[in-house]
Amino acid sequence: MKKVAFSRDGLPQSFIDRFGQHVTGFLSGFDRLRFRATLRPLFQPGGMEIYLCSCKVLIKQFGAFAKGLTEQIRQAAYASFEQAKRPIRYLTDSSLSKEELARRLAQEAGIQSGAICLLACVEPCLSFHLRGDRQAKKLRVVLEHSKCTHLYHYYQHAQLGQLHVRVQTWFPFSIDVCLNGRQWLARQMDQAGIAYHQRDNCFVWIEDCHKAQELLDQQLRSNWAGLLDSLLELAHPLHRQITSRMEGLHYYWSASQSEYATDILFDEADHLAQLYPQFLHHAVKSFQSPDVLRFLGNRHALQKGQVHPCFKGQVTTNLKQRPEGVRLRHSLNGNSLKIYDKEGSVLRVETTILHPEQFKVYRPKEGDAQGQKQWRKLRRGVADLHRRAEVSHAANERYLIALASVTGSSPLQNQAAEVCRAVCYRGRRYRGLNPLAEADYRLLHTVSRGEFALGGLRNRDVRSLLCKPTKCPEHKRRQAARISRQLALLRAHALLKKIPHTHRYQLTTKGRRIITALLAACHADVEQLTKMAA
């Protein structure tokens, strides 16, 4: 297969330097996205009673009132698909894949745009029910775990490709939308006239990867609320009738799950087949819990390969044989980082976020758009979806850099030789580093900690970790000066760079690669190395 020119911005240069001769292109962007629309005021204490009061419905009439709305939703959905002459099926087998069924029906009917099918099934949910309060001797509407019928509206969307909208048919009538960024990209490339070969949700060859990446980047600038509202209007036309009865009631969109994938396209399946076992071997043998914390930007990774005692989560690694390939997944408190070979010739690294609050976003306080910006928790709302893509891309990049630093045939000596020699930087001479010495080891380990991966580090951050606490101003000044000299040493060796217009520093791509390799060598088991050398 003939290689094509493509932009390598966004793919770690260390990975390209090592394996670029076999790479024909790459893509980084959202894969599967799951959104949820909820009527937030109804979830507040007494919210359902306030809504019934606005509708002039007595609490004891809730059951009949809810059944009436449920029947209207069902009739509207059935009428829409009957008019389109598309199948309506009730599913009793929970193990049946709805995605596969919808895809097969679309292929059999040759549907390029429009409705595919309507699937109905009973599934668990949070819903409101009428219950008696014996102590207060009153009827109350309470939110509890229950089951109700859900309607899956499958469409072949002209812009987004195949997607589905799931409508809960009982209060609070929550909506779920599931779409795929790769299916969306296929429609974009069709309109742009870019040739490609697609298998499932993976592209094994693209005529112009650079332009395809630009199209993926355009997705991040979408008006997500407007786009999702159009799908809400399509699958749930009664939403206006439901929300108009109470002031301030509207559907709020949030991203309940996001998968951000970096696909690296290889020229031949044999080349990836030779490399992929090495990736799996090194990931399983070398990546420990602190490494997974660092990949996902968690701040609890400590020196000497340990985790901070305050860390309450769980880190797991799982290797699984799947029909499409072998998948290795590292999980951290519900979020995960995966690697697998797709369709034989595509290496995919994918970050899945279920709990965005573990990450940070630089924004003002919610409800105060003009207020002071600070690093705050990443929200589930679609307003922070662009930042979610940034942290996911950074996690994928760190993982690829780590893979490149521990695989291949390049000896560690070649990687570390230049930083172990003295260098001249801005007219001054700086000594070489000695990672086996305690002081240099602690410095390298400190600047590579997980909490500095996203926001960078400051002098006082490093000082608090390397220096003893003191209240003496003179001692503080001397400690700060010593840390400044150490940071300058790392900058002289191009391991660290200053973030413009701030007092923060961040590891360079070269720094991340070399420091990861050096620390891995320091943590290596002596007995195993002796056996390997024998």
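The values are calculated or read from the model by the stated rules, or taken from the named source; none is laboratory data. All figures in this text were calculated on a predicted structure; none of them were measured in a lab. Counting neighbours? That spans all protein chains shown, and the Cβs are built from the backbone with ideal geometry, glycine included.
Can you find even one residue in the range 119-140 that is farther than 29 Å from L42 by Cα and either assigned by TED's automatic domain parsing to the domain that holds T38 or hydroxyl-bearing (S, T, Y) (or both)?
Taking every residue of the range 119-140 in turn, none turns out to be farther than 29 Å from L42 by Cα and either assigned by TED's automatic domain parsing to the domain that holds T38 or hydroxyl-bearing (S, T, Y) (or both).
Name every residue in the range 255-295 that is hydroxyl-bearing (S, T, Y) and touching a helix residue (DSSP H, G or I) at 6+ places or on another chain (Cβ under 7 Å), in order of residue number.
S258, Y260, T262, S286
Looking at the range 337-392, which of its residues are of a type in the set (F, W, Y) and within 16 Å of L27 (Cα to Cα)?
Y340
Going through the range 425-458 one residue at a time, which ones are closer than 30 Å to F359 by Cβ and among the small types (G, A, S)?
Matches in the range 425-458: S448, G450, A453, G455, G456.
Is it true that some residue in the range 236-255 is within 27 Å of the chain's Cα centre (by Cα), surrounded by fewer than 20 Cβ atoms within 10 Å (Cβ to Cβ) and among the polar types (S, T, N, Q)?
Yes, the conditions are met somewhere in the range 236-255.
Could you identify the single residue in R86, R74 that is at pLDDT 95 or above, closer than 21 Å to L234 by Cβ, in a loop (DSSP other than H, G, I, E, B) and of a type outside the set (S, T, N, Q)?
R86
Look through the range 132-145, keep the residues that are over 40 Å from the mean Cα position of the chain (by Cα) and among the charged types (D, E, K, R), and return whichever of them is nearest to Y51 (Cα to Cα).
K138
Check the range 369-383 and report whether any residue there is closer than 29 Å to L265 by Cα and polar (S, T, N, Q).
The answer is no, given that none of the residues of the range 369-383 is closer than 29 Å to L265 by Cα and polar (S, T, N, Q).
Taking the range 311-330, which residues are closer than 19 Å to Y399 by Cβ and among the hydrophobic types (A, V, I, L, M, F, W, C)?
Selection gives V315, L319, V326, L328.
Exactly one condition in (1) modelled with pLDDT of 90 or more; (2) surrounded by 13 or more Cβ atoms within 10 Å (Cβ to Cβ) is not met by A422; state its number.
It is condition (2) that A422 fails.
Got at least one residue in the range 19-40 being in contact with a strand residue (DSSP E or B) (Cβ under 7 Å, 6 or more places away or on another chain), assigned to a helix (DSSP H, G or I) and not assigned by TED's automatic domain parsing to the domain that holds W224?
There is at least one residue in the range 19-40 that is in contact with a strand residue (DSSP E or B) (Cβ under 7 Å, 6 or more places away or on another chain), assigned to a helix (DSSP H, G or I) and not assigned by TED's automatic domain parsing to the domain that holds W224.
For the condition exposed (fewer than 15 other Cβ atoms within 10 Å of the Cβ) and either closer than 20 Å to C121 by Cβ or of a type in the set (V, I, T) (or both), what is the one hit in S97, S80?
S97
Being surrounded by 15 or more Cβ atoms within 10 Å (Cβ to Cβ) and over 13 Å from G29 (Cβ atoms) is the filter here, so list the residues in the range 212-224 that pass it.
Residue satisfying the conditions is W224 alone.
Please name all residue pairs, on different chains or six or more residues apart, with Cβ atoms under 8 Å, provided the first residue is in the range 42-53 and is under 16 Å from Y252 (Cα atoms) and the second residue is surrounded by 15 or more Cβ atoms within 10 Å (Cβ to Cβ) and not aromatic (F, W, Y).
These pairs meet every condition: L42/M48; L42/P172; L42/L249; F43/L143; F43/P172; G47/P41.
If you go through the range 415-448, how many residues are among the aliphatic types (A, V, I, L, M) and more than 13 Å from I514 (Cβ to Cβ)?
6
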